[in-house]
Amino acid sequence: MMDKQKLDKTFKYYMGLFTADKELGQIMSKVTFQELFNPEFLKENSKFTSMDDILWRSGFGIMNLLEVENVNQDKWNEYIAKNCECETWHDFGKLAMIDWMKRKLEEVKKEKH
């Protein structure tokens, strides 16, 4: 399981980088669930293979991740904890954001050189 304090600290660090930089902030404001929960990230951090896989296997009958807010949060978090490196959906989202931000920073660096 992921260390929650470390996760929060890392998340804050990267959020700081992105919010301090106008260009990065704009890129971040457009990020989608598809980009965050990409197959590569899911393979490394969960038992899922795709975003659709998360939705279908949940059995909650939701069609997209925006609908997660409408389901029983305790049950959803239980489902996430069973299948992911994180105990809650919120933390799994943070982990996905960190992963995405790291990759974005690498891309931006490469473009500038």
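Give the number of residues within the stretch 3-30 that are open to solvent by 80 Å² or more (accessible area, probe 1.4 Å) and either among the basic types (Lys, Arg) or more than 15 Å from the chain's Cα centre (by Cα) (or both). Walk me through how you get there before you give the answer.
Residues of the stretch 3-30 that are open to solvent by 80 Å² or more (accessible area, probe 1.4 Å), as a first pass: 3-6, 9, 12-13, 19-20, 22-23, 26, 29-30.
Subsequent filtering for residues that are either among the basic types (Lys, Arg) or more than 15 Å from the chain's Cα centre (by Cα) (or both) retains 3-6, 9, 12-13, 19-20, 22-23, 26, 30.
Counting residues in the stretch 3-30 that are open to solvent by 80 Å² or more (accessible area, probe 1.4 Å) and either among the basic types (Lys, Arg) or more than 15 Å from the chain's Cα centre (by Cα) (or both) gives 13.
One residue stands out in the stretch 60-113 among those that are in contact (Cβ under 8 Å) with a residue 60 or more places away in the chain and in a loop (DSSP other than H, G, I, E, B): the one that is most open to solvent (accessible area, probe 1.4 Å), namely Glu87. Selection of the stretch 31-57 for residues being closer than 17 Å to Val108 by Cα and open to solvent by 50 Å² or more (accessible area, probe 1.4 Å) yields only Glu35.
The values are calculated or read from the model by the stated rules, or taken from the named source; none is laboratory data. Owing to the predicted nature of the structure, the values given are computational and were not obtained by experimental measurement. Glycine gets a Cβ as well: all are built from the backbone with ideal geometry, and neighbour counts include every protein chain shown. Ligands, DNA and RNA are excluded from the accessible area calculation, which covers all protein heavy atoms including side chains. Shrake-Rupley method; radii C 1.70, N 1.55, O 1.52, S 1.80 Å.
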